[in-house]
Amino acid sequence: MRVPFSYLDRQFRAADVGEPKQNLDVILDDIKEFVQSGDFTLGKKGEEFEAKFASLVGVKHAIGVNSGTDALFLSLKALGIGAGDEVITCAETFIATADAIAITGANPVFVDVNDEFTIDVDQIEAAITDRTRAIMPVWFTGNAPDMDRILSIAEKHKLLIVEDSCTAINGTYKNRHSGSFGIVGAFSFHPLKNLNVWSDGGMITTNEDQLNERLRMLRNYGLKSRDEVEVFGYNSRLDTIQAVVALRLIDDVKLYTDRRIKIAETYDKAFAPMPQIEVPERHSHVRHVFHLYMVRVTERDKLLHYCIERGVEAKVHYPIPLPYQKCSQHLGYIPGNFPKTERDCRTIITLPAHPYLSDDEVNYTMETVLSFYKENPY
Ligand SMILES: *Cc1c(COP(=O)(O)O)cnc(C)c1O
């Protein structure tokens, strides 16, 4: 059996490869109609998707942009963050989180993770300096950071919160949607994210009217109107064809997410008794959306190899800590600074858990992992 990590070729196939299934013809009809309207740049469909997204997240404004990275970057720019400033974020995340901070000219300041792949809130205050402007908590793997504590630290030190919610559409913390806690939230519609479009796409969410206006200018050359330029800006609009696609897919996002959560529960249950597998604690006040199903294991590299040899496309997100990448050299971090991130880089494994896996594939994945430890009793 082959259990693929990616599912993009499966989204429109018959239901026997797993649920749910999207209706390709409906989306293609929408695109056909849209193309004939000629409303390519921003336009009505983009606005419709923004309105739908804002209501899903429970915020006043949603601003469509070209990617999740741009959503983070433009948010920081709109908040006036740049050279000489510091933004605190988690050492264990995708590189784009730190990219967005660094390309504004600000420095990312890394804080170690807790055992659940989110920022260790106990270490945030020690990282604050008089240059700190913002905290960028990451909903890494689709799990919620401790937002109550982060909100109170931010309030105490007068810092902004820019949420990296790129992996967490439909994720909640105490029934509040990801991307609605900070002054802004950033989402990605990259093809492998939980709401995927057919190319790149991103969204910024905010309740602030002024910031909304500023972000709309920044994503569109800095234009205030057709002829008036308020600030120097960028060209980072959400492609309207992607908005047409997303307008259909967003209706099913809860269905996809529920399937991911169900698969994760199946894995959790099977792995819980295994001393070689450490399943992170799950919290009832968090809706973890499992963009990645990630656990810590013994003999990770051997297990990874074993899975891949047997057709289970397991992965590692990610093997090298961000603070020790070449791009971070000037920040001066040295091995030992981030013990939990370093441990994770050696021990984490990500198993396929996307909504298009059949029950047989989920069971095969689970059995493959269990049989590795049966054959190799470490
Ligand atoms: C994917 C991702 C991003 C970037 O999103 P893109 O749309 O690929 O630019 C940022 N942060 C995290 C945590 C991500 O997983």
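The values are calculated or read from the model by the stated rules, or taken from the named source; none is laboratory data. The shown structure was predicted, so the numbers you read here are calculated from the model rather than taken from an experiment. Glycine also receives a Cβ, built like all others from the backbone with ideal geometry; neighbour counts cover every protein chain displayed. When the accessible area is computed, the model is the full protein with side chains, heavy atoms only, and any ligands, DNA or RNA have been set aside. Shrake-Rupley method; radii C 1.70, N 1.55, O 1.52, S 1.80 Å.
Miscellaneous remarks
- Residue pairs whose Cβ atoms lie under 6 Å apart, sitting 6 or more positions apart in sequence or on different chains, and linking a residue in region 29-49 that is farther than 14 Å from residue 247 by Cα to a partner that is of a type in the set (S, T, N, Q), are 40/240.
- Among the residues of region 221-239, those that are within 27 Å of residue 250 (Cα to Cα), open to solvent by 20 Å² or more (accessible area, probe 1.4 Å) and out of contact with any Leu (no Cβ under 7 Å at 6 or more places or on another chain) comprise 235, 239.
- Single residue of region 67-94 satisfying the filter (in a helix (DSSP H, G or I) and more than 8 Å from the ligand (Cβ to nearest atom)) that is farthest from residue 333 (Cα to Cα): 78
- Every residue from region 255-306 that is in a loop (DSSP other than H, G, I, E, B), open to solvent by 30 Å² or more (accessible area, probe 1.4 Å) and farther than 27 Å from residue 189 by Cα: 272, 273, 274, 275, 279, 281, 298, 299
- The condition (being surrounded by 17 or more Cβ atoms within 10 Å (Cβ to Cβ) and either within 17 Å of residue 162 (Cα to Cα) or of a type in the set (Val, Ile, Thr) (or both)) is satisfied by just one residue among 99, 85: 85.
- Total residues in region 57-66, condition open to solvent by less than 10 Å² (accessible area, probe 1.4 Å), among the small types (Gly, Ala, Ser) and more than 13 Å from the ligand (Cβ to nearest atom): 1
- Flag if residue 46 is closer than 30 Å to residue 211 by Cα, of a type outside the set (Phe, Trp, Tyr) and not in a helix (DSSP H, G or I): no
- Selection status of residue 213, surrounded by fewer than 20 Cβ atoms within 10 Å (Cβ to Cβ), more than 16 Å from the ligand (Cβ to nearest atom) and touching a residue at least 12 places away in the same chain (Cβ under 8 Å): no
- Considering residues of region 174-190 that are open to solvent by less than 10 Å² (accessible area, probe 1.4 Å) and either hydroxyl-bearing (Ser, Thr, Tyr) or in a loop (DSSP other than H, G, I, E, B) (or both) only, the residue nearest to the ligand (Cβ to nearest atom): 189
- Checking residue 325 against (1) touching a Leu at 6+ places or on another chain (Cβ under 9 Å); (2) within 16 Å of the ligand (Cβ to nearest atom), the condition it does not meet: (1)
- Among the residues of region 118-164, just one is within 16 Å of the chain's Cα centre (by Cα), part of a loop (DSSP other than H, G, I, E, B) and aliphatic (A, V, I, L, M), namely 144.
- Residue selection: residue 349 satisfies the criterion of being of a type outside the set (Lys, Arg), in a strand (DSSP E or B) and farther than 30 Å from residue 53 by Cα.
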